[in-house]
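Report on the following structure.
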């Protein structure tokens, strides 16, 4: 299954499950790596600009906004959330599909490999999350 299809499936899953989430504090989707530098903040477009990309917005929903970017031959998603609790549920639902994520306050950026994620992390800050690791407990939102 291609990376875009996995991301779209994860988004569909999250949009479906968010309606039934509780109001408890979220738990991290997995053990993120220590932050390299203070993470950037902003819209999909602002975050993508740090990666020299102009995103094509694919999803605009109450729970998230996602744009697709392509640089250096790699296609990846930049996703923003109105609150970290939505990001954490999205990461939980995406777990097991593989890949890597750079995770910052209210956003994620996907990557196919750890070196791609580390390269994006240098520009964005944030933490690295292994998308193949399924957390033991589902975060609440």
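Please say if the stretch 66-141 is rounded, prolate or oblate, where rounded means a/c under 1.5 for a ≥ b ≥ c the square roots of the C-alpha gyration tensor eigenvalues, and otherwise the choice is prolate for a/b larger than b/c and oblate otherwise?
Values: a/c = 1.83, a/b = 1.42, b/c = 1.28.
In terms of gyration-tensor shape, prolate.
For a footprinting-style exposure proxy, rank 59, 47 by other Cβ within 10 Å, fewest first.
On the way: 59 18, 47 29.
Fewest to most other Cβ atoms nearby, the residues stand as 59, 47.
Let a ≥ b ≥ c be the square roots of the eigenvalues of the Cα gyration tensor of the stretch 62-103; is it rounded (a/c under 1.5), or, if not, prolate (a/b larger than b/c) or oblate? Provide the component values of the computation, followed by the final result.
Working: a/c = 2.68, a/b = 1.42, b/c = 1.89.
It is oblate, given that a/c is not under 1.5 and a/b is not larger than b/c.
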When 112, 132, 127 are ranked with the fewest other C-beta atoms within 10 Å first, the list becomes 132, 112, 127
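With 10 angstrom as the radius, rank 88, 52, 130 by how many other C-beta atoms surround their C-beta, starting from the fewest.
Going from sparsest to densest Cβ surroundings: 52, 130, 88.
Every read-out reported here was derived from the displayed coordinates using simple, explicitly stated rules and does not represent laboratory data. These figures come from a predicted structure and were not determined experimentally. Counting neighbours? That spans all protein chains shown, and the Cβs are built from the backbone with ideal geometry, glycine included.
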